[in-house]
Each structure stands twice: as C-alpha cells, then as structure tokens.
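The next block holds one structure in the form of structure tokens; read it before the comments.
The values are calculated or read from the model by the stated rules, or taken from the named source; none is laboratory data. In this text, all values refer to a predicted model and were calculated from it rather than measured experimentally. Cβ placement follows ideal geometry from the backbone for every residue including glycine, while neighbour counts extend to all protein chains displayed.
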Amino acid sequence: MKQATILFPIIITLLVTLFISCTNAQTSNTDATMTINSFEKGGSGGGPSECDGQYHSDDTLIVALSTRWYNHGQRCHKFININYQSKSVQAMVVDECDSTRGCKDDIVDASKAVWKALQVPKSQWGETSVTWSDA
C-alpha cells in the first residue's frame, strides 16, 4: 500500500507533463486544404473573428484554422507558415473554421491576401492543397 501511495503522485506528474507537451507541440509540414474566406464585415466569414471579435481586411495575411488546429484559441494571433508549390507565406491566425458549422478537419481558410502572396492563379482560387506549420 505504501508503494502505491508513493507511485501515484509520480504517475500523475508524468501524465500532466505528457499532456502539456502534447498540447504545446508545434505542427510542422501538415497537409491541408486551403480555402478562401473574406474576414470583412458582410464577407463570407460571417461574424467577427473568434480571436478578437473584430473584422479584418481581405488585404491582410490572415487565416482561420479547423477546430482541432485552432485548439481552443491556443493559436490566436500566432503566425503559421503556409506552403504552396515553391512559395511560402506567413499568416496570422484570427479565427476558427468551426467543424460544427461544416468545416472539415483539414482546413486553412485564408484571406485573399494569402492567395495573392502564394501566387495561386486566380483561376484556381477557392480550394487547393497546401502544407502548413507553426512559425
């Protein structure tokens, strides 16, 4: 019984440490589908951004991430790297692409500025394959 009493706090400490390291882990080169979104008032994004309750210009390098990547706001106002073919750009996370509202689990929902910076041909705007990582 004494050994169990000694081991219990050690096991709990290890589990908490593992949980913290998993939730703080950075994402690197994750496959995603990039979609286009307007973060402006009246735009396709709907309401204001989840991170700050504000609307944002389509000329700003910003994104909304799928619910699991948004991670309860843990990535709010942090930058991610988005890679498309040989191009890369950094964009700030300002919103959640909510899975309860039909957003898939692998979405980087990007402003027009991101699409322009990555030089995606306008004829292909809407949905394309990218990779992303924490900046």
Query - Extreme residue, surrounded by the most Cβ atoms within 10 Å (Cβ to Cβ), among residues of the stretch 90-115 that are more than 19 Å from Tyr55 (Cβ to Cβ) and either among the hydroxyl-bearing types (Ser, Thr, Tyr) or over 14 Å from the mean Cα position of the chain (by Cα) (or both) - result: Ser99
Requested in this report: Within the stretch 97-119, count every residue that is closer than 14 Å to Arg68 by Cβ and of a type in the set (Lys, Arg).
Outcome: 1
Requested in this report: Inspect all residues belonging to the stretch 120-133 and state whether any of them is surrounded by 15 or more Cβ atoms within 10 Å (Cβ to Cβ), of a type in the set (A, V, I, L, M, F, W, C) and within 17 Å of Glu40 (Cα to Cα).
Outcome: no
Query raised in the report: Which residues, taken from the stretch 105-135, are assigned to a loop (DSSP other than H, G, I, E, B), over 19 Å from Gln74 (Cα atoms) and in contact with a strand residue (DSSP E or B) (Cβ under 7 Å, 6 or more places away or on another chain)?
Result: Ser111, Leu118, Gln119, Val120, Trp125, Gly126
Query raised in the report: Residue check, Ser66 against (1) polar (S, T, N, Q); (2) modelled with pLDDT of 95 or more; (3) surrounded by fewer than 16 Cβ atoms within 10 Å (Cβ to Cβ), all met but one. Which one?
Result: (3)
Query raised in the report: Quick one: how many residues across the stretch 42-76 are more than 14 Å from Leu118 (Cα to Cα) and under 10 Å from the mean Cα position of the chain (by Cα)?
Result: 12
Report task. Could you tell me whether any residue of the stretch 77-94 is in contact with an Asp or Glu (Cβ under 9 Å, 6 or more places away or on another chain), within 13 Å of Val130 (Cα to Cα) and polar (S, T, N, Q)? Result -> yes
Requested in this report: Consider only pairs whose beta carbons are under 6 Å apart and that are at least six residues apart or on different chains; among these, list those whose first residue lies in the stretch 109-128 and is more than 14 Å from Asn83 (Cβ to Cβ) and whose second residue is in a loop (DSSP other than H, G, I, E, B) and among the acidic types (Asp, Glu).
Outcome: Ser111/Asp58; Lys112/Asp58; Ala113/Asp59
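Residue under question is Cys51, and the condition is that it be at pLDDT 95 or above and either under 21 Å from Glu127 (Cβ atoms) or assigned to a loop (DSSP other than H, G, I, E, B) (or both); does it hold?
Numbers: at pLDDT 95 or above: yes; either under 21 Å from Glu127 (Cβ atoms) or assigned to a loop (DSSP other than H, G, I, E, B) (or both): yes.
So Cys51 passes the test.
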